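I have placed the structure first, in the form of structure tokens, so that the comments after it can refer back to it.
The values are calculated or read from the model by the stated rules, or taken from the named source; none is laboratory data. All figures in this text were calculated on a predicted structure; none of them were measured in a lab. When we count neighbours, we look across all protein chains shown, and the Cβ atoms used for this are built from the backbone with ideal geometry, even at glycine.
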Amino acid sequence: MEIQVPPDQPPQRLDLFLGRHCPDLSRSRIQGLIREGAVRVNGQPTRASYQIRPDDTIALNLPAPTELSVAPEDIPLDVIFEDEDLLVLNKGPGLTVHPAPGFWQGTLVNALLHHCRDLSGINGVLRPGIVHRLDRDTTGLLVVAKSDQAHRHLADQLQRRDLERRYTALVWGHLRLLQGRIEAPIGRHPRDRKRMGVVAGGRAALTHYRVAEPLAFLSLLDLRLETGRTHQIRVHLQHLGHPVFGDPVYGGRSPIRGLSPAQRLRAGELLQLLPRQALHARSLRFAHPRSGEFIELSAPLPADMEALLAAARAPAS
């Protein structure tokens with residue numbers, strides 16, 4: 001399709017302008033098309049942040065739909081809420097959300113395709129219905145869209161930061177402030193492309209935290225995401241000097257400095273209880289895409305984190 005920018009159009013980002021003119025496409029989908037070169041302004045590829053000008057000509061080339069090649073699999077799901085528009089599930093540890101190299105089977109998407117007749121196709125053939133994601137070894141609540149209309153509505157709430165996501169994490173050490181915010185840009189790690197990091201020029205990221213319970217050499221935190229960058233909580237807490245306990249990627253499997261020999265021994269024992277990061281998406285709050293009524297759901301800590309927390313609370317022998 002081709003759009004001629006009217007002569008009285010005020011300056012506006014390209015992705016926002018297209019969002020108004022292409023209501024069937026989510027902003028993330030539009031940004032993806034721009035990155036792929038499927039959007040051209042005056043015959044040239046450009047960036048989502050390009051400020052359109054009067055009389056610009058915007059050409060949008062939507063690729064043909066790709067046949068879905070992900071097989072449904074009968075994998076049990078812990079569904080917390082479900083209706084004709086969406087479902088919310090409590091994801092367990094070790095479950096990858098969508099197919100990717102090394103994880104083409106046994107993913108949440110495989111399970112959803114078995115559970116649901118239809119899922120929103122906005123996020124493409126490998127991520128149908130997925131509005132936001134959790135890391136493979138992070139547990140907790142995830143909302144999935146069954147229709148494109150529901151997907152667009154939920155994605156808009158996510159973009160506006162109206163979809164509230166709260167987490168529980170066990171981290172190393174004692175934080176200097178009992179509550180605060182971590183505001184630091186996140187992008188690909190300059191030396192390890194499989195990891196993320198706090199980098200100059202990264203995407204803006206904001207995490208709010210509150211210390212729920214201090215322990216001997218750990219802290220239990222309540223966290224709220226303001227943005228949703230890849231590995232955001234894990235990266236931000238490592239940046240703060242308090243990595244998520246057990247996190248194998250972001251420094252959470254090595255006891256912090258300053259522990260006594262007895263504490264180091266105790267830390268080693270606790271690490272054996274949990275082979276993953278101690279991070280759980282405990283609650284979601286959002287407006288239902290059809291009724292507009294607010295839905296607030298929560299999920300208890302998984303058994304392995306409960307066992308870890310009980311052991312961490314136990315008095316030293």
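Among the residues of the stretch 229-250, is there at least one that is of a type in the set (S, T, N, Q) and crowded, with 16+ Cβ neighbours inside 10 Å?
Step one: of the stretch 229-250, the residues of a type in the set (S, T, N, Q) are 230, 232, 238.
Subset that is crowded, with 16+ Cβ neighbours inside 10 Å: 232, 238.
Yes, the stretch 229-250 contains at least one residue that is of a type in the set (S, T, N, Q) and crowded, with 16+ Cβ neighbours inside 10 Å.
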query = Taking interchain pairs and intrachain pairs at least six residues apart, which have beta carbon atoms under 8 angstrom, with the first residue in the stretch 247-262 and assigned by TED's automatic domain parsing to the domain that holds PRO275 and the second modelled with pLDDT under 95 and among the aliphatic types (A, V, I, L, M)?
reply = ALA262/ALA316
key: Subset tally (residues that are part of a strand (DSSP E or B), surrounded by fewer than 17 Cβ atoms within 10 Å (Cβ to Cβ) and not polar (S, T, N, Q)) for the stretch 23-51   = 2
key: the stretch 169-192, subset more than 18 Å from ALA216 (Cα to Cα) and assigned to a strand (DSSP E or B), residue modelled with the lowest pLDDT   = ARG188
ask   = Within the stretch 19-37, restricting attention to residues that are in contact with a strand residue (DSSP E or B) (Cβ under 7 Å, 6 or more places away or on another chain) and at pLDDT 85 or above, which residue is farthest from GLN157 (Cα to Cα)?
value = GLY37
ask   = Where residues in the stretch 98-126 are closer than 25 Å to MET305 by Cα and of a type outside the set (A, V, I, L, M), which of them is surrounded by the most Cβ atoms within 10 Å (Cβ to Cβ)?
value = THR107
inquiry  = For VAL143, only one of the following conditions fails: (1) closer than 21 Å to ASP83 by Cβ; (2) touching a Ser or Thr at 6+ places or on another chain (Cβ under 7 Å). What is its number?
reply    = (2)
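Which one is modelled with the lowest pLDDT, of the residues in the stretch 99-140 that are part of a loop (DSSP other than H, G, I, E, B) and touching a Lys or Arg at 6+ places or on another chain (Cβ under 7 Å)?
Filtering the stretch 99-140 for residues part of a loop (DSSP other than H, G, I, E, B) gives 99, 101-102, 104-107, 116-129, 131-138.
Those left that are additionally touching a Lys or Arg at 6+ places or on another chain (Cβ under 7 Å): 116, 118-120, 122, 129, 134, 137.
Numbers: CYS116: 90, ASP118: 83, LEU119: 89, SER120: 86, ILE122: 79, GLY129: 90, LEU134: 95, ASP137: 96.
That would be ILE122.
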inquiry  = Anything in the stretch 88-130 that is within 13 Å of ALA145 (Cβ to Cβ) and among the charged types (D, E, K, R)? List them, or say none.
reply    = ASP118, ARG127
Filter result (touching a helix residue (DSSP H, G or I) at 6+ places or on another chain (Cβ under 6 Å) and either of a type in the set (Lys, Arg) or in a loop (DSSP other than H, G, I, E, B) (or both)) within the stretch 71-98 = PRO72, GLU73, ASP74, ILE75, LEU77, ASP85, LEU95, VAL97, HIS98
request  = Residue by residue through the stretch 127-152, note down the ones that are of a type outside the set (A, V, I, L, M, F, W, C), surrounded by 23 or more Cβ atoms within 10 Å (Cβ to Cβ) and farther than 18 Å from ASN110 by Cβ.
outcome  = THR138, THR139, GLY140, HIS151
task = Quick one: count up the residues across the stretch 79-97 that are in contact with a strand residue (DSSP E or B) (Cβ under 6 Å, 6 or more places away or on another chain), surrounded by fewer than 20 Cβ atoms within 10 Å (Cβ to Cβ) and without any contact (Cβ under 8 Å) to a residue 60 or more places away in the chain.
result = 1
